[in-house]
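Report on one structure; see the data block that follows.
The values are calculated or read from the model by the stated rules, or taken from the named source; none is laboratory data. Since we're looking at a predicted model, the values are computed, not measured. Backbone-built Cβ (ideal geometry, glycine too); neighbour counts: all protein chains shown. What goes into the accessible areas is simple: the full protein's heavy atoms, side chains included, and nothing from ligands, DNA or RNA. Shrake-Rupley method; radii C 1.70, N 1.55, O 1.52, S 1.80 Å.
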Amino acid sequence: MDHSQAPVLDALAAYHREGQVPFTPPGHKQGRGADPRVRDVLGDAVFRSDVLAISGLDDRTSSNGVLERAQELMADAVHAEQTFFSTCGSSLSVKSAMLSVAGPGEKLLVGRDAHKSVVSGLILSGVRPVWVEPQWDASRALAHPPSPEAFAAALDEHPDARGALVTSPTPYGTCADLAAIARACHERGRPLIVDEAWGAHLPFHPDLPTWAMDAGADVCVTSVHKMGAGLEQGSVFHQQGDLVDPSVLKAREDLLGTTSPSVLLYAGLDGWRRQMVEHGHELLQNALDLAARVRERIDDIPGFTVQGPAEFTGRSRGRAHSLDPLPVVVDITELGTTGYWAADWLREHHRINLHLADHRRISAQLTFADSEDTVAPLLTALRDLREHIEPAPEVHVPPPDELRLELAVLPRDAFFGPAEQVSADEAVGRVCAEMLTPYPPGIPVVLPGERITAPVMDYLRSGVDAGMVIPDAADSSAKTVRVLIEH
């Protein structure tokens, strides 16, 4: 296929060149109606290119096939059979994938380290999750993707499960053995969904972890705005094989998606695909070389320990299968403070915004857009941080066996059931009716339907005291919790 084409961008250029006059939404009419104060901040180009996808970018019947051609080019670029653009982020895309595999009351194997968007999909669909335990590194208090053996065992124990879902890469860059998990699923005639939101760049360089489509996954979801050059909310989901019907997948996306998709997001996705096909290898090689240098420089700062393959990978040690080196994860335990405090200090004093912070780590996400010029302020800030360390409250992280909670009620039933707000102490022993999710990385500690225990409640309360953010809780302080009223 001719990847020098960019159908969405070309159609948008033609729209401007032809002087199309809209009597349709959006109401700002190419920015003419926008407040000048807004235009001063956002720029005229944003409004000028904010047009309708139908009766705008394309005609009333979509006879030019603009979106279809852009999706076909994307599928070809990443070795998929079908590709669908989403302008509602991977949160919508992963729900669409889940609903294309399992329906209300049916089982779906899900790695318990799934993002909150997966849990939202369980709540909306009524799918019954069968949790597959992640691999737990007790020495670092960190979960890595579940092993192929864990998925195979769960499939054998639950032969009626409709399929499986695994998250890879994790926000820490650790990756599952997707080829082995796909084989375990396919040997039993079941599809594999991969939440690969952090892996949009993986198809475009051989030194990166294996891309889900190349590993044999049936559906994968990618956030092009995360590790690519798409605009925020720009997401793509891909399909191959005959275990997931692409027409069903598209119908589920239509059910959840907007009828007013953003052409700005489509254009960002389309242009990024062309950029990656033409220049992706070179751009990513530069990024990998830069990441290697940055890792060495940070590792040389006393008190900072960069987490690499030696710390995060090695199946025999219960760790990840492989690692994407572009998220630079740094353990700061030796400094005697938390990642929460460090991230806040870096923003306040150096205007450095980190990708991720937890009770003992910080992470700087590098992409092909970074350079020596962008990482220099980061390195300066980290060296200065070391000279201004302040102790932070301790976070009480329970061992893995105490993090595992009983799923007493389906997530959907607990979320929509009768509930009350009770104190944290009273919540112990009760069934949770909300998600309690430290964000980032956005992996729920407690799901609707799980029975709350004292160690987990202590973890959340101590975490909030140390700077943890729990944005989806009714009470983000975790002093009270929404629980199910059981009859």
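Looking only at residues of region 55-89 that are over 23 Å from the mean Cα position of the chain (by Cα) and at positive phi, we find that the one that is surrounded by the fewest Cβ atoms within 10 Å (Cβ to Cβ) is GLY65. Taking first residues from region 201-219 that are closer than 20 Å to GLU282 by Cβ and without any contact (Cβ under 8 Å) to a residue 24 or more places away in the chain and partners that are open to solvent by 20 Å² or more (accessible area, probe 1.4 Å) and among the basic types (Lys, Arg), no Cβ contact under 9 Å between residues at least 6 apart in sequence or on separate chains turns up.
So, in region 348-403, of the ones that are of a type in the set (Val, Ile, Thr) and under 27 Å from ARG273 (Cα atoms), which residue ends up most open to solvent (accessible area, probe 1.4 Å)? Restricting to residues being of a type in the set (Val, Ile, Thr) and under 27 Å from ARG273 (Cα atoms), the top hit is THR374. Could you grab me the full set of residues in region 435-483 that are among the charged types (D, E, K, R) and either farther than 20 Å from SER117 by Cβ or buried (at least 22 other Cβ atoms within 10 Å of the Cβ) (or both)? GLU450, ARG451, ASP458, ARG461, ASP465, ASP475, LYS479, listed by residue number. Checking the stated criteria, VAL263 turns out not to satisfy the condition of being over 29 Å from ALA80 (Cα atoms) and buried (at least 19 other Cβ atoms within 10 Å of the Cβ). Is it the case that some residue within region 163-176 is over 13 Å from the mean Cα position of the chain (by Cα) and surrounded by fewer than 24 Cβ atoms within 10 Å (Cβ to Cβ)? So far as region 163-176 goes, no, none of its residues is over 13 Å from the mean Cα position of the chain (by Cα) and surrounded by fewer than 24 Cβ atoms within 10 Å (Cβ to Cβ). Six or more apart or on different chains, Cβ under 7 Å: which pairs go from a residue in region 320-347 that's over 19 Å from THR367 (Cβ atoms) and buried (at least 23 other Cβ atoms within 10 Å of the Cβ) to one that's at pLDDT 95 or above and of a type in the set (Asp, Glu)? Could you list them? Partner pairs satisfying both residue conditions: HIS321/ASP177; GLY339/ASP358. All of LEU92, LEU9, LEU52 fail the test of being farther than 30 Å from VAL244 by Cα, surrounded by 13 or more Cβ atoms within 10 Å (Cβ to Cβ), at pLDDT below 95 and of a type in the set (A, V, I, L, M), apart from LEU52.
Count of region 240-276 residues, restricted to those that are assigned to a loop (DSSP other than H, G, I, E, B), without any contact (Cβ under 8 Å) to a residue 60 or more places away in the chain and more than 28 Å from HIS205 (Cα to Cα), is 1. With respect to ALA141, is the statement that it is closer than 22 Å to ASP324 by Cα, modelled with pLDDT of 95 or more and open to solvent by 10 Å² or more (accessible area, probe 1.4 Å) true? When the stated conditions are applied, ALA141 does not pass them. Quick one: which of GLU486, GLU420, GLU426 is in a helix (DSSP H, G or I), charged (D, E, K, R) and surrounded by fewer than 17 Cβ atoms within 10 Å (Cβ to Cβ)? Testing whether each residue is in a helix (DSSP H, G or I), charged (D, E, K, R) and surrounded by fewer than 17 Cβ atoms within 10 Å (Cβ to Cβ) leaves just GLU426. Among the residues of region 438-487, those identified as touching a Leu at 6+ places or on another chain (Cβ under 9 Å) and charged (D, E, K, R) are GLU450, ARG451, ASP472. Filtering HIS28, HIS16 for residues that are open to solvent by less than 70 Å² (accessible area, probe 1.4 Å) and touching a Ser or Thr at 6+ places or on another chain (Cβ under 9 Å) leaves a single hit, HIS16. Taken over region 95-114, residues that are surrounded by fewer than 24 Cβ atoms within 10 Å (Cβ to Cβ) and in contact with a strand residue (DSSP E or B) (Cβ under 8 Å, 6 or more places away or on another chain) amount to 4.
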